[in-house]
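Here is the structure we will look at, set down as structure tokens.
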Amino acid sequence: MANPTTPARPGMTPTANEQDNDATGIGKTVPQQNAHLDLIPLGHVDPMVLSVAAANIQAVLGLDTDIAGNRPRPAYAYSSSRRQYNAVSILKNLALEEEGAPLKLGITPYDLCIPILTYVYGESQLGGRAAVVSINRLVDQQSQERTFDRIAKICVHEVGHVFGLEHCWESGCLMRFSKQLEQLDQLPLHFCSACEYEIARGLKRLLKNSIQAE
């Protein structure tokens, strides 16, 4: 989800400590058995943010979600000219991971962009394996609750794209495209009946494939 008309604000430039982390890496947690999705922090992400995202993915989408250990910032995706991180590069990297759950959702504090848009709140592979969300523009300094609500909505929305859902025209559906945060704030944290049906079909396929892979 993105606003193509608003200029991008400068993203978070990596600090010296974060550059060191690129070389050393950060330890991973042991994944849960039979998880459907790995939630992967790319750079330091508040544990509460991760818990909120995972809980809503499980509640709304029915996906067992494992929270992975912190990864280094995605230096390979950094654009010095834009001072942002290329979401497409991150998606390609996440999709190549074979270990862990079949679906991957990266979450990062850094500002994301794609070549044709000034910034994106999140990006995903339609019908693929990977999605990524930036919390950079979702923070409301006056309301932590609103911040968590936005993060939950974008995470669930982007995983919806991974299930093959495109943007929906229903005003009361989370898959509706939001250009502005005000529009995002008005969306409910659930899908319309048509999108919910497609999610159920996608989850059924995922479970079937997981059983066959065991």
Q. Which of the residues belonging to the stretch 117-137 are surrounded by fewer than 22 Cβ atoms within 10 Å (Cβ to Cβ), in contact (Cβ under 8 Å) with a residue 40 or more places away in the chain and out of contact with any Gly (no Cβ under 9 Å at 6 or more places or on another chain)?
A. L117, T118, R137
Q. Mind checking which pairs have a first residue in the stretch 76-97 that is touching a residue at least 12 places away in the same chain (Cβ under 8 Å) and a second that is part of a loop (DSSP other than H, G, I, E, B) and aromatic (F, W, Y), Cβ under 6 Å, 6 or more apart or different chains?
A. Y85/Y110
Q: Consider only pairs whose beta carbons are under 9 Å apart and that are at least six residues apart or on different chains; among these, list those whose first residue lies in the stretch 183-195 and is more than 10 Å from G172 (Cβ to Cβ) and without any contact (Cβ under 8 Å) to a residue 12 or more places away in the chain and whose second residue is of a type in the set (A, V, I, L, M) and part of a helix (DSSP H, G or I).
A: none
(Q) Being without any contact (Cβ under 8 Å) to a residue 60 or more places away in the chain and either among the charged types (D, E, K, R) or under 26 Å from K179 (Cβ atoms) (or both): is that true of P109 here? (A) no
**Q.** Selection count, the stretch 179-202, where residues are part of a loop (DSSP other than H, G, I, E, B) and touching a Cys at 6+ places or on another chain (Cβ under 6 Å)
**A.** 2
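Let's see how each residue does on (1) of a type in the set (A, V, I, L, M, F, W, C); (2) in contact with a Cys (Cβ under 9 Å, 6 or more places away or on another chain); (3) modelled with pLDDT of 50 or more:
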position: R9; (1), (2), (3): no, no, no
position: M12; (1), (2), (3): yes, no, no
position: N17; (1), (2), (3): no, no, no
position: P31; (1), (2), (3): no, no, no
position: L37; (1), (2), (3): yes, no, yes
position: H44; (1), (2), (3): no, no, yes
position: V49; (1), (2), (3): yes, no, yes
position: D66; (1), (2), (3): no, no, yes
Q. For the stretch 187-205, how many residues meet the condition of being more than 18 Å from L126 (Cβ to Cβ), modelled with pLDDT under 95 and buried (at least 17 other Cβ atoms within 10 Å of the Cβ)?
A. 0
(Q) Exactly one of these conditions fails for H161: (1) buried (at least 19 other Cβ atoms within 10 Å of the Cβ); (2) closer than 21 Å to L206 by Cβ; (3) in contact with a helix residue (DSSP H, G or I) (Cβ under 7 Å, 6 or more places away or on another chain). Give me its number. (A) (3)
(Q) List the strands (runs of 3 or more DSSP E) inside the stretch 59-178, counting only whole elements, that have at least 2 residues being in contact with an Asp or Glu (Cβ under 8 Å, 6 or more places away or on another chain) and closer than 26 Å to C192 by Cα. (A) 103-108, 122-124, 130-134
Q: Specify the residue that is nearest to V88 (Cα to Cα); the eligible residues are those in the stretch 123-144 that are touching a strand residue (DSSP E or B) at 6+ places or on another chain (Cβ under 9 Å) and β-branched (V, I, T).
A: V132
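The values are calculated or read from the model by the stated rules, or taken from the named source; none is laboratory data. Just so it is clear, the model here is predicted, and its values are computed rather than measured. Heads up, the Cβs are rebuilt from the backbone with ideal geometry, glycines too, and the neighbour counts pull from every protein chain shown.
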